[in-house]
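What follows is calculated from the coordinates using simple rules that are stated; it is not laboratory data. Because the structure is predicted, anything quoted here is derived from the model rather than measured. Counting neighbours? That spans all protein chains shown, and the Cβs are built from the backbone with ideal geometry, glycine included.
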Amino acid sequence: KQEVTQIPAALSVPEGENLVLNCSFTDSAIYNLQWFRQDPGKGLTSLLLIQSSQREQTSGRLNASLDKSSGRSTLYIAASQPGDSATYLCAMGSGYALNFGKGTSLLVT
Amino acid sequence: GAVVSQHPSRVICKSGTSVKIECRSLDFQATTMFWYRQFPKQSLMLMATSNEGSKATYEQGVEKDKFLINHASLTLSTLTVTSAHPEDSSFYICSASVSGGAGETQYFGPGTRLLVL
């Protein structure tokens, strides 16, 4: 079964700092990888979707990369803002459903 | 486009009662809907996959007689938690995809928070 690990579990940064969130997975046979944002007590907001044939996707200040050979993905957030504070989840589409990591809780102060 | 709603958004019930949660695809037809559960500080875990007009497929460890899933139309799936207990308190999120194919995009609902007293 696909195991998805996110490091760090929590992160606190000052406003304006660039940061990287990490996600690793055990099975490279994936269809796609998706990054979500979850605010406290709320549902999921899809941020970026990378198909297995792609290496990265960009949306505004966000950039996500995918390296299947090493089983890793990163989410880069440029010029962080207090409004970026949330939990960020990565999820692997390796079958019909998604396998989620536990998330990284980000606080921008 | 591709909006999924859930109702209710929050529910509190007494132990032993049953609770029904609805998941609707508002602007597309969803052959397949997925039900996930998220405990505090944990990741979303898939509970079951439902296809319109057929029985749901449950993940290992999920009691099918306790979590009843009905996917009677292409826009509606329901999850009924029967005889709910405090340990069933969780955040339940559904997602929907057009055809349910492997790797197909899923659209998530806003979730339902269940608290069983």
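First select every other residue whose beta carbon is under 13 angstrom from the beta carbon of A:D84; then total the charges, Lys and Arg +1, Asp and Glu -1. Before the final figure, lay out each step's value.
Details: positive: A:R37, A:R61; negative: A:E15, A:E17, A:D39.
With Lys, Arg at +1 and Asp, Glu at -1, the neighbours total -1.
Over 29 Å between Cα atoms, which of A:K42/B:K14; A:K68/B:K66; A:K102/B:K20 qualify? All intermediate terms of the calculation are to be shown ahead of the outcome.
On the way: A:K42/B:K14 23 Å; A:K68/B:K66 38 Å; A:K102/B:K20 27 Å.
Check vs 29 Å cut-off fails for A:K68/B:K66.
Which shape class, rounded, prolate or oblate, goes with segment A:22-61 when its Cα gyration tensor gives a ≥ b ≥ c as root eigenvalues, a/c under 1.5 marks rounded, and past that a/b bigger than b/c marks prolate? Walk me through the numbers before you get to the answer.
Details: a/c = 2.46, a/b = 1.50, b/c = 1.64.
Cα axes put segment A:22-61 in the oblate bin.
Estimate the FRET efficiency between B:S73 and A:S53 by the formula 1/(1 + (r/R0)^6), using the beta-carbon distance for r and 35 Å for R0, to the nearest 0.05. Don't jump to the answer; show the numbers that get you there.
On the way: r = 34 Å, r/R0 = 0.98.
Here the calculated transfer efficiency is 0.55.
Normalised by the number of residues in segment B:1-46, what is the relative contact order in percent for Cα pairs under 8 Å and 6+ residues apart?
36 percent
Measuring from the lowest to the highest alpha carbon on each principal axis, how far does chain A reach, largest first, in angstroms?
38, 27, 20
So which aspartates and glutamates pass the test for B:K41, namely a Cα distance under 20 Å, with those fewer than 8 places away in the same chain ruled out?
Answer for B:K41, where 20 Å is the Cα cut-off: A:E3, A:D39, A:D84, B:E87, B:D88, listed by chain and number.
Count the net charge of all other residues whose Cβ sits under 13 Å from the Cβ of B:I12, scoring Lys and Arg as +1 and Asp and Glu as -1.
Values: positive: B:R10, B:K14, B:R113; negative: B:D88.
That works out to +2.
Could you list the residues of segment A:44-77 with an amide nitrogen less than 16 Å from a label point located 7 Å from the Cα of A:N22 in the Cα-to-C-beta direction?
Answer for segment A:44-77: A:65-77.
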